[in-house]
Amino acid sequence: MKILRVLPKNATGQIISVYVTWIKGAVESLNSSSGRKELHFVFVDNGRKALMDNPYFNEALKCIRCGSCANVCPVYGVLGGHVFGHIYTGPIGAILTSFYHDDKKAMELLSLCCGCKACSEICPANIDIQKLISDIYGGLRLKYGVDKLRSSVYYGVLSKPSTMKKMIKAGSLVLRIAEKNSHINSPLIPKKHNFRILPAPKEESFSSIFRKKFEARQEMVESEKTVFFYPGCAIEYIYPEIGESVVKFLNKIGLRVKIPEKIVCCGYPAVHDGDKISAKRIINESVKYLPVEESFDYFLVLCPTCGTTLKYLFREFVTDMPKEYKKVKFVEGRIVNLSRLLDDLNVKVKTKNGILFTYHIPCHQNRGLHFNGERFLKSLLSNYYMPMEDADRCCGFGGSFSIDYPQVSKAILDKKIESIVNTSASVVVTECPGCIMQIRGGLLKRSIPVEVKHLSEFLDEYVEID
Ligand code: SF4
Ligand code: SF4
């Protein structure tokens, strides 16, 4: 009865299923001496017992086959079950395939996950499907080997902030000369990757700008509260102007800002690619520059993927390091995204010029940091807010996912752009540099005159404190 109550509602939104088969035992038969037919049950094991004995992954056996995870999966939405599936399809199918069938097929399916967490959020059996996918993929990568080129970048560059800085600076220079502007739009880019116009890294990093322009004046901010701002790689190298806008806004509302001594990657690209060895090296380096207890009140992230990695994954990589583990646990409790911080502080804003805006909810903000900035902005600027259909649906970026599967990424982006255009808003506000890269790049490519702004830029340019 419990299954009957849960299954149709989650599968198709119906109160009750169209039909139900009840097996009540052997039925009567005139041809049988016993007066009843024989009834046989055949249980096919096919790896299920092994899965049941696995204390971590046996969570997958709680699945009631409602199909909700497939319904909400953006990848499944564009590919369907023949591509994103083997015998069992969709997100849970990728997990079951790795236990019931061969590793090769499973690797292919697991690698199709862009990590949006929509499946984990919707599952009525509370299975953290995305986490299981990521962990199984990591295990298979360990067994069969990681991508050597990417791994050398993760291991040798991302974990070393000074090497990374030098390489990005050199790369930025080459790109600027080759492209003659700040965007990468060369006709040499393979057609399937040329569905968005990406930004080139900036000449000067955010931390360098911060030290020159903002650091000294932080001591003069008369405030009881200190915000430790973790910029992440995207703000540091690609969008330093977003970092500048947040520092200006926070100072304006009377908060002092500190940044890490060195900017190290959060390690998510390596985690997503299943390269746990590189991820551990990057995270161990990153932890060195996290703030010590009591030196800050809020730990601000402008990239929810960095925030979610810090909040839920860092601890896994420092379990053997008690001092660092304690530091991470302390930081976890203070992580906020910008809209959450402003909501906590009860900051009120009003529009400067009445611009109509909509809001794209980044996957890892909604389903990782668990704060919906859309509701916050809507409550403050309701007359100018244009609701977007499926505002919390992934934009198709997913870091290396959009490089590995450009056609899938484009198809997901096309749906997002259609939703944006239908709102008639002039600005899309969001809180993730990855989403900005993808959506802004897609709009630019299609010459659609809608701006995409991080919330910090939107606050800086279009609103004033009420
Ligand atoms: S995390 Fe997102 S992309 Fe991955 S399987 Fe779940 S719904 Fe699909
Ligand atoms: S994993 Fe969860 S959401 Fe997916 S089919 Fe099973 S019960 Fe439904």
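A short reminder: the numbers here are calculations on the coordinates, not readings from a lab. This one's a predicted model, so the numbers in the text were calculated from it and none came from an experiment. Cβ coordinates were reconstructed from backbone atoms using ideal geometry, including for glycine residues, and neighbour counts include every protein chain displayed.
Using unit Cβ charges (K, R positive; D, E negative) and no other charged atoms, how large, in debye to the nearest 20, is the dipole of the chain about its Cα centre? Mind dumping the intermediate values first?
Details: 64 positive and 49 negative charges, 116 e Å.
In debye, rounded to 20, the chain gives about 560.
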Can you give me the pair-distance distribution of segment 193-344, C-alpha pairs, 10 Å bins, whole percents?
11, 40, 35, 13, 2
Could you please state, rounded to a whole Å, how far the C-alpha centre of segment 376-438 is from the C-alpha centre of segment 1-71?
39
With an 8 Å cut-off on Cα pairs and a minimum separation of 6 or more residues, tell me the relative contact order of segment 178-300 in percent.
26
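Note down the relative contact order for segment 1-42 as a percent, whole number, built from C-alpha pairs under 8 angstrom at least six residues apart.
Values: 24 pairs, mean separation 9.1, N = 42.
RCO, segment 1-42: 22 percent.
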Once the Cα atoms of helix 276-288 and of the chain are each reduced to a long axis, what angle between those two axes, in degrees from 0 to 90 to the nearest 10, is obtained?
40
Computed over the chain, the relative contact order (Cα-Cα under 8 Å, seq sep at least six) in percent reads 14
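Kirkwood Rh over Cα pairs of segment 125-231 into Stokes-Einstein at 20 °C, 1.002 mPa s: D in µm²/s? Mind dumping the intermediate values first?
On the way: Rh = 18.4 Å.
D = 116 µm²/s.
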Can you check what the Kirkwood hydrodynamic radius comes to for segment 1-142, Cα pairs only, in Å to one decimal?
16.9
Find how many whole Å separate the alpha carbon centroid of segment 202-226 from the alpha carbon centroid of segment 235-269.
9
For q values of 0.20, 0.24 Å⁻¹, compute log₁₀ I(q)/I(0) with the Debye formula on a Cα-only model of segment 348-465, without solvent.
-1.08, -1.51
Using each residue's phi in segment 30-35, evaluate 6.51 cos²θ - 1.76 cosθ + 1.60 at θ = phi - 60° and report the 3J(HN,Hα) Karplus result to the nearest Hz, with x for Gly and Pro.
6, 7, 9, 5, 7, x
Tell me what the chain gives for mean residue ellipticity at 222 nm when only DSSP H runs of n ≥ 4 count, each as -39,500 (n - 2.57), the sum divided by the residue total, rounded to 500 deg cm²/dmol.
-12500 deg cm²/dmol
Measuring from the longest principal axis of the C-alpha atoms of the chain, the long axis of helix 129-144 (C-alpha) lies at a number of degrees, nearest 10, equal to 90
Segment 1-54 shape via C-alpha gyration tensor axes, a/c threshold 1.5:
oblate
Going through the cross-link list Lys213/Lys262; Lys212/Lys252; Lys225/Lys327; Lys143/Lys288; Lys192/Lys276, which pairs have a Cα-Cα distance over 23 Å in this structure?
Lys143/Lys288; Lys192/Lys276
Give the span of segment 395-454's Cα atoms along each principal axis, as three whole-Å numbers ordered largest to smallest.
31, 20, 16
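Need one number: the % of Cα-Cα pairs in the chain sitting beyond the 38 Å mark. Walk me through the numbers before you get to the answer.
On the way: 31103 of 108345 pairs.
It works out to 29 percent of all Cα pairs.
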Estimated inter-spin distance, Arg36 and Val6, nm [label 7 Å along Cα→Cβ]
3.0
Acute angle (nearest 10 degrees) that the helix 2-12 long axis makes with the longest principal axis of the chain, alpha-carbon atoms
60
Bin all alpha-carbon pair distances of segment 307-411 at 10 Å intervals from 0 and give each bin's fraction as a whole percent.
13, 31, 30, 20, 5, 0
Explain nothing, just the number: dipole magnitude of segment 348-465 about its Cα centre with +1 on each Lys and Arg Cβ and -1 on each Asp and Glu Cβ, in debye rounded to the nearest 20.
80
